[in-house]
Each structure stands twice: as structure tokens, then as C-alpha cells.
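Engineer: Mind looking over this structure? Questions follow.
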Amino acid sequence: MAEAGSRFGKVVLARGDCAGCRIGGPEVPEHLGRMAEEARRYFPVEVEVVAGELPGERVGRRELFQALLGSAKRTAADLVPELPLPALEEKEGGLPAELRLRGLAAGRAPEVRWPRIRVEEGCTLCPVCTNVCPTEAVRRVREGEEYVLYLQVAACTGCGACVESCPPQVIRLEEAPKEEVGKELELFRGRPPWYDL
Ligand code: SF4
Ligand code: SF4
């Protein structure tokens with residue numbers, strides 16, 4: 001929000017029927033207010049929350065975050081030291097180039113601390129963290145009757161969007177040990193409470 005306010009001025013957020021939403025809940029508007037307060041610690045952004053549709057072209061949260069985090073991605077790319085890069089093993093279904101570069105950067109710059117998230121008991125396997133993650137670091141897949149959350153550690157920027165947005169507040173940010181940076185970790189697995197709905 002602070003970044004958006006510093007670039008575009010007043011930020012207007014639209015929300016739906018939070019009180020009737022089984023994923024969000026009635027506390028969402030209050031939570032947005034707290035996020036706006038937090039954003040004002042970094043920039044005097046004016047935030048307005050309106051109920052219903054906004055006029056104009058729709059921009060998804062993912063596109064917005066991707067645009068705002070462009071500079072963060074460039075910073076991560078800057079961590080990669082001298083060229084040429086060593087040959088990287090290409091494998092079918094392997095990591096996209098950007099993630100491989102981030103993993104390489106982490107390995108070469110031991111002083112760089114790398115974030116990851118952890119999901120604690122109480123996760124409802126809703127789609128919120130996978131939807132808000134600007135780098136698609138978190139994915140949710142169905143495996144039989146279970147759903148599983150996976151984290152691509154190299155893609156996590158530690159932005160905290162998922163931490164802030166998780167309805168039951170079960171995500172926490174922590175430092176990733178270096179050996180986890182290139183890995184995909186299982187964060188949570190289970191049969192969600194809404195499975196039989
Ligand atoms: S960690 Fe939170 S946001 Fe992510 S699936 Fe679980 S409940 Fe939803
Ligand atoms: S902190 Fe959460 S939302 Fe941000 S990049 Fe990491 S997994 Fe994605």
C-alpha cells in the first residue's frame with residue numbers, strides 16, 4: 001500500500017461482502033484499516049475502502065503486486081555476482097531461470113539472509129495465500145482427498161502479503177537455512193474443513 005501510494009497517490013480498495021464470506025469474514029475491513037495504518041509508517045498514503053465494484057479497468061492483486069515488486073526482483077537479480085554464470089543443470093520441469101538465479105545468488109552471497117514462510121496448525125487450505133503471493137512462491141495442489149501447500153523457497157521475497165492476508169493468521173515468516181533456498185517445501189497438508197461442502 002505504501003509503495004502504491006507513493007507512486008499513484010490515493011489508494012482506493014474495493015471489497016465484497018466480507019461479513020458473508022466464508023474465507024474472509026467480518027473482520028476483513030478492520031484488518032484493512034490496520035494494514036493502512038501500518039502502510040502510513042512508511043508513506044503518508046491516503047487509503048479509502050469502498051464496498052462494491054470500482055469503476056475502470058480491473059487489475060488483479062497478483063498483477064498489481066508484480067508491478068510493484070518489479071524493483072524487488074531487479075534487486076534480487078543484482079545479487080547475482082559476476083558473469084558468465086556457471087553452467088546450470090537443465091532438467092525437465094526444473095526451476096524457471098529467475099528462480100535458479102535467485103538460488104545461485106543466495107549460495108554465492110552467504111551474508112544474504114533468505115526468508116521463508118511456515119504454516120502452523122489451523123490452516124483451512126483456502127486459496128488466499130496462493131492468490132496474494134506476488135511471485136507465485138506458494139502453490140496449492142489437490143492430492144486425492146487432501147490439499148497440499150508447497151513453497152518454492154527461492155521465489156519467496158518475504159513480502160509478508162500472505163502473512164497479512166491469511167484469514168486464520170497461521171503463517172509466520174522466518175529465515176530459511178541456506179540448504180532450503182533451492183528447494184520446494186511442503187508447508188501444510190490435510191483435508192480441508194470445506195471439503196464436503
Ligand atoms: S496458510 Fe492461511 S491463507 Fe494459506 S491456505 Fe492456509 S488458511 Fe489459507
Ligand atoms: S512472504 Fe508469502 S506472499 Fe510474500 S513472497 Fe513469500 S510466500 Fe509469497
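Coordinate-derived values only; no laboratory data. As the structure is a computational prediction, the values presented were derived from the model and not from experiment. Note that each Cβ is placed from the backbone with ideal geometry, even for glycine, and that neighbours are counted across all protein chains shown.
Engineer: Can you tell me the mean projection area, over all orientations, of the convex hull of the stretch 1-53's alpha carbons? Units nm², please.
Structural biologist: About 3.6 nm², averaged over all directions.
Engineer: A further question follows. Suppose each label sits 7 Å from its Cα in the direction of the beta carbon; what would the Tyr150-Glu164 distance come out to in nanometres?
Structural biologist: Here the modelled spin labels are 2.8 nm apart.
Engineer: Label-point separation (nm) for Glu184 and Glu121, each offset 7 Å from Cα along Cα-to-Cβ?
Structural biologist: 2.8
Engineer: Report the full-extension gain for the segment Arg15 to Val112: residue separation times 0.36 nm, less the Cα-Cα distance, to one decimal in nm. Don't skip to the answer; put the middle values down first.
Structural biologist: Values: separation 97, 0.36 × 97 = 34.92 nm, distance 3.74 nm.
Gain on stretching Arg15 to Val112: 31.2 nm.
Engineer: Something else about it: Obtain the nm distance between the two label points defined at Asn131 and Glu27 by a simple spin-label model: each point lies 7 Å from its Cα along the Cα-to-C-beta direction.
Structural biologist: Placing both labels 7 Å along Cα→Cβ, they lie 1.8 nm apart.
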